[in-house]
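Okay, so here's the structure we're looking at.
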Amino acid sequence: MSDAVLEQPKIIKKKCSICKKFVVMVEEYITCPFCNSLYWSKPEKERQLFVIQDKFLDNGRNPEILGEMQPILLSYVKFLLLKMLRGKRKLTAYEIDIKVNEVIERLVIYYLQYPEWKISSSFAGILKFGIIEVLYGGKKHDQVLSLNHKIGEKKDKELNELIINKIGEDNLSIHHEYLIKNNILVKHLMKYIVDFLNVVRFEEGEKYYLYTLMGVRFLLSNKDKDFIDGFFNLAGIEVQENARELYLDIKEEIKEFIKGTQD
Ligand SMILES: [Zn+2]
């Protein structure tokens, strides 16, 4: 009898953000089975933004329709930005407003500049990437570049730490000690990463280089899936391929190195 109870499939319910009814997920419902709303299971702000995006796409990407996103984006971006800062950096209310508007501007530019571009899974994922750009990117992008320069001569602590953290959380965690003891592996990895990125920079240009570097850092730092998807959605398929290849190479290099030391 107790076995039967254990084997019962887990019932998944999702709440409709329009009619507030709970829907038992027997299948993936595109519209709410009760009120027929689209994007019904997304958080309210996401739902509103997706509805406006559809209207924008259905009307030949009419920029005026994008304007309807503005009031929602103002509060949504501000909310996400403050959450991401979490008091780590002090910005005045005025500076925050400027950053929020920059993020929205970037989003609008993407919609208008790229005729195929749209958000497919999550506004928050894309907006977070925009926030990172306006907070840490843009004019200060030499900060990202310097990461690379530091690696060449002295090892860069930040990237080292990212790699160590990642491996610590991975199946390879038993080999964590190798990274700390054997600095030679860290040096070897850094050289590998720099060489790889320099090829990207040489063959595909500065923008791809920077985005690949960001992508691999996000992968190494275990960002959540929405965030990573959002980033690659924005950065493009080439960047995604580069970053994932480098990421897998890093893991492969570590495995090879460890194998070598055990022989
Ligand atoms: Zn509903």
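Could you order peptides 45-54, 208-217, 74-83 by the average number of other Cβ atoms within 10 Å of their residues, highest first?
208-217, 45-54, 74-83
For E245 and Y29, calculate 0.36 nm times their separation in residues minus their Cα-Cα distance, and state this gained length in nm to one decimal.
Gain on extension, E245 to Y29, equals 74.3 nm.
Determine, for each peptide in 55-65, 94-104, the mean count of other beta carbons within 10 angstrom over its residues, then list the peptides with the highest first.
By packing density, highest mean first, the sequence is 94-104, 55-65.
What do you get when you divide the Cα radius of gyration of segment 44-136 by 2.2 N^0.38 Å, with N the number of residues?
1.08
Between their Cα atoms, which of K14/K45; K20/K99; K21/K225; K83/K251; K15/K55 are more than 26 Å away from each other?
Flagged as over cut-off: K20/K99; K21/K225; K83/K251.
Values in this text are rule-based calculations from the coordinates and carry no lab data. Source: prediction; values computed, not measured. Backbone-built Cβ (ideal geometry, glycine too); neighbour counts: all protein chains shown.
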